[in-house]
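The values are calculated or read from the model by the stated rules, or taken from the named source; none is laboratory data. Keep in mind the model is a prediction, meaning the values are calculated, not measured. Virtual Cβ from ideal backbone geometry, glycine too; neighbours counted across all protein chains shown. Ligands, DNA and RNA are stripped out before the accessible areas are found, and what is left, the full protein with its side chains, is counted by its heavy atoms. Shrake-Rupley method; radii C 1.70, N 1.55, O 1.52, S 1.80 Å.
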Amino acid sequence: ETAISPAEVRPHVEFLASAELRGRSGGDAQRAAEYLRKTFQSLSLKPLFGSHYFQEIPGRRDAAGNVPVVGRIVGAWLEGSDPARKGEFIIVSAHYDHLGARGDRIYHGADDNASGVAAMMAGGDRVGGRQHAPLRDAGDDVANVGGGQQRPPPGAVPGVVGEVHGVH
């Protein structure tokens, strides 16, 4: 099996770090999450959260008892072939959001973490059936989890943000 090539990763990094996504913060982060969902679907990966690719990240309950949504994660999985390992997952995770824009400056985030998401997507392409699937042959379920809110926003539950929330 050959290593993942730059040509497999580059299109994902270029889109995620593009001026169009303005650094992947706020609504632009949601566009990045939608890109992940569409890519997971195109690879025939199953939604990780029942029938949904998205899971909301809850914040702290306010005085009125309301729990705000502070972000969301996107996840997909490929079922392994070994029935004895049913429910055991190899988790591949990367956060898709970044700092966004501050004034006229866009923090594109190619290294943090468009490159990590691109590697996750290229790996998903490998195990999603379009190319050789070595992990599936080993019998393991594989979950790809893209987290939003990698840095805790105001009102977040400490320690339970981004992709960490998705694996609880």
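If you bin all the Cα-Cα distances of region 33-110 at 10 Å, starting from zero, the percentages per bin are 15, 33, 30, 18, 4, 0. Taking only the alpha carbons of region 27-67, we obtain Rg and Dmax values of 14.0, 43 Å in that order. The label point for residue 5 and the one for residue 18, both projected 7 Å from the Cα toward the Cβ, are 2.2 nm apart. The heavy atoms of residue 98 present about 30 square angstrom of accessible area, all protein chains included, probe 1.4 Å.
Just round it to a whole percent: the fraction of Cα-Cα distances in region 3-51 exceeding 12 Å.
On the way: 809 of 1176 pairs.
Summing the P(r) of region 3-51 above 12 Å gives 69 percent of all pairs.
Against the criterion of solvent-accessible heavy-atom surface with a 1.4 angstrom probe, 73, 106, 91 sort, most first, into 91, 106, 73. Residue 34 contributes about 50 Å² of solvent-accessible surface, heavy atoms of the protein only, 1.4 Å probe.
In region 20-97, the portion of solvent-accessible area held by carbon and sulfur atoms comes to 50 percent [1.4 Å probe, whole percent, DNA, RNA and ligands not counted].
Taken along the Cα-to-beta-carbon direction at a fixed 7 Å, the label points for residue 60 and residue 38 span 3.7 nm.
Rank 2, 39 by accessible area, highest first, at a 1.4 Å probe radius?
Details: 2 105, 39 20 Å².
Reading off the accessible areas and sorting them downward yields 2, 39.
Each Lys and Arg contributes +1 and each Asp and Glu -1, all at the Cβ; summed about the Cα centre of region 1-45, the dipole is approximately 180 debye.
Based on alpha carbons, the Rg and Dmax found for region 1-132 are 16.5, 56 Å.
Using a probe of 1.4 Å on the protein chains alone, the accessible area found for residue 97 is around 20 Å². Placing +1 on the Cβ of every Lys and Arg and -1 on the Cβ of every Asp and Glu, with no other charges, gives region 1-86 a dipole of roughly 260 debye about its Cα centre.
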